[in-house]
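J.: Please find one structure pasted underneath; my questions will follow.
The values are calculated or read from the model by the stated rules, or taken from the named source; none is laboratory data. Fair warning: this is a prediction, and the values are worked out from it, not measured in the lab. All Cβ positions, even for glycine, are placed from backbone atoms using ideal geometry, and neighbour counts span all protein chains on display. Areas reflect the complete protein model, heavy atoms only, side chains present, ligands, DNA and RNA absent. Shrake-Rupley method; radii C 1.70, N 1.55, O 1.52, S 1.80 Å.
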Amino acid sequence: MKHKLRSFLIVPAFILVTTLSGAALAQDHSNHTGNQGQCKGCTGQGEMKGQMKGQMKGMMGQGEGQMQNMQTIHALFDQHDKITRTVKNTETGVETLTESDDPKVQALIAEHAWAMQKLLENKQPIRQWDPLFAELFKHADKIKLQITKTPKGVKVVETSSDAYVVKLMQAHAQGVSEFVKEGMPSMHKTHELPGVKKEEKAFLGRGDGITTCPVTGEPINKDFSAEINGRTVYFCCASCRDAAKKTPELYLKQ
Ligand code: HEM
């Protein structure tokens with residue numbers, strides 16, 4: 001799997017870099033005067049190659065780094081129930097303590113915290129589809145992370161002189177606590193920016209759950225029912241019943 005993923009990242013990177021470098025070389029050679037080894041482009045060939053190798057290494061390094069970050073994050077989600085976490089908001093930011101009795105998980109937490117600090121310092125964003133993380137990285141230069149190893153994990157003190165960024169850091173710390181509490185189901189949840197009210201989900205109820213299905217409005221089938229909000233609610237089929245059990249507020253008024 002790791003090898004497949006690596007080739008998935010490296011091959012396109014390689015094609016991209018060689019294409020770009022080929023174009024750069026061709027371009028440089030356009031002012032070649034015909035005397036072997038005389039023009040600037042030629043003499044710079046070695047240098048240019050060196051630069052391109054450096055660029056390619058950098059891109060591959062980044063790809064591999066992000067892959068390692070995601071593997072650590074997945075492992076943290078897998079073992080979220082072995083993690084304890086406390087969060088204290090301060091005037092200039094937030095203080096968190098994230099620990100575990102399992103030495104392997106302790107190492108994962110520390111590895112992750114330091115890796116994320118590096119991403120912030122290098123302004124290398126992660127999880128850009130999540131508004132809160134995208135905004136956090138936009139203000140990465142205003143965030144100071146102080147990570148201290150503890151016997152069972154890490155203590156992190158995050159500070160900023162910018163009041164808005166303080167709110168972002170506090171919201172992010174709550175987001176991490178949600179990851180620890182809920183595990184994988186929370187991995188794909190987006191987090192609104194502080195102060196932005198989560199959009200009220202539209203009420204989708206179409207039936208009364210007595211004669212008509214709350215989800216579809218179709219006539220109910222007595223075989224499909226569930227106890228919701230302290231009453232027996234009937235549905236037209238199993239998937240409607242399951243959908244309503246999962247998010248009753250969307251289909252049933254209290
Ligand atoms: C169970 C899962 C996770 C755990 C236990 C965890 C743990 C931590 C800890 C301890 C910190 C240091 C700051 C703090 O304590 O708030 C941190 C920071 C960070 N984490 Fe995670 N994390 C998890 C999931 C994720 C995920 C899914 C992402 C994004 C893909 C992520 C990205 C970050 C970033 C960017 C930071 C630095 C930003 C900041 O602290 O303001 N984490 N995480």
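J.: Need a quick list: helices (runs of 4 or more DSSP H) entirely within the stretch 160-254 having at least 2 residues that are modelled with pLDDT of 90 or more and more than 30 Å from Ala75 (Cβ to Cβ). Walk me through it before giving the result.
T.: Details: elements: 163-182, 238-246, 248-251.
Ranges flagged: 163-182.
J.: While we're on this one: Could you tell me whether any residue of the stretch 186-193 is under 20 Å from Pro131 (Cβ atoms), without any contact (Cβ under 8 Å) to a residue 60 or more places away in the chain and open to solvent by 30 Å² or more (accessible area, probe 1.4 Å)?
T.: Yes, the stretch 186-193 contains at least one residue that is under 20 Å from Pro131 (Cβ atoms), without any contact (Cβ under 8 Å) to a residue 60 or more places away in the chain and open to solvent by 30 Å² or more (accessible area, probe 1.4 Å).
J.: Got a number for residues in the stretch 89-128 being open to solvent by 70 Å² or more (accessible area, probe 1.4 Å) and either within 10 Å of the ligand (Cβ to nearest atom) or in a helix (DSSP H, G or I) (or both)?
T.: Total meeting the criteria: 7.
J.: Looking at Asp141, Asp162, which one is more than 19 Å from Asn69 (Cβ to Cβ) and open to solvent by 80 Å² or more (accessible area, probe 1.4 Å)?
T.: Working: Asp162 fails: open to solvent by 80 Å² or more (accessible area, probe 1.4 Å).
Checking each option against the conditions leaves just Asp141.
J.: Can you tell me which residue among Gln170, Gln174 is surrounded by 14 or more Cβ atoms within 10 Å (Cβ to Cβ), within 10 Å of the ligand (Cβ to nearest atom) and either among the acidic types (Asp, Glu) or within 16 Å of His80 (Cβ to Cβ) (or both)? I'd like the intermediate steps shown before the answer.
T.: Details: Gln170 fails: either among the acidic types (Asp, Glu) or within 16 Å of His80 (Cβ to Cβ) (or both).
The unique qualifying residue is Gln174.
J.: Do we find a residue being part of a helix (DSSP H, G or I), at pLDDT below 95 and open to solvent by 70 Å² or more (accessible area, probe 1.4 Å) anywhere in the stretch 60-67? It would help to see each step written out before you state the result.
T.: Going through the stretch 60-67, the residues part of a helix (DSSP H, G or I) turn out to be 60-67.
This time we only want the ones that are at pLDDT below 95, so: 60-67.
Subset that is open to solvent by 70 Å² or more (accessible area, probe 1.4 Å): 62, 64.
Taking every residue of the stretch 60-67 in turn, at least one turns out to be part of a helix (DSSP H, G or I), at pLDDT below 95 and open to solvent by 70 Å² or more (accessible area, probe 1.4 Å).
J.: Now a separate question. May I ask you to verify whether Gly230 is more than 34 Å from the chain's Cα centre (by Cα) and on the phi > 0 side of the Ramachandran plot? Give the steps one after another, and end with the answer.
T.: Details: more than 34 Å from the chain's Cα centre (by Cα): yes; on the phi > 0 side of the Ramachandran plot: yes.
For Gly230, the condition - more than 34 Å from the chain's Cα centre (by Cα) and on the phi > 0 side of the Ramachandran plot - is met.
J.: Taking the stretch 142-167 on its own, how many of its residues are near the ligand (Cβ under 9 Å from one of its atoms), free of Cβ contacts under 8 Å to residues at least 40 places away in the same chain and under 13 Å from Thr98 (Cα atoms)?
T.: Number satisfying all stated conditions: 1.
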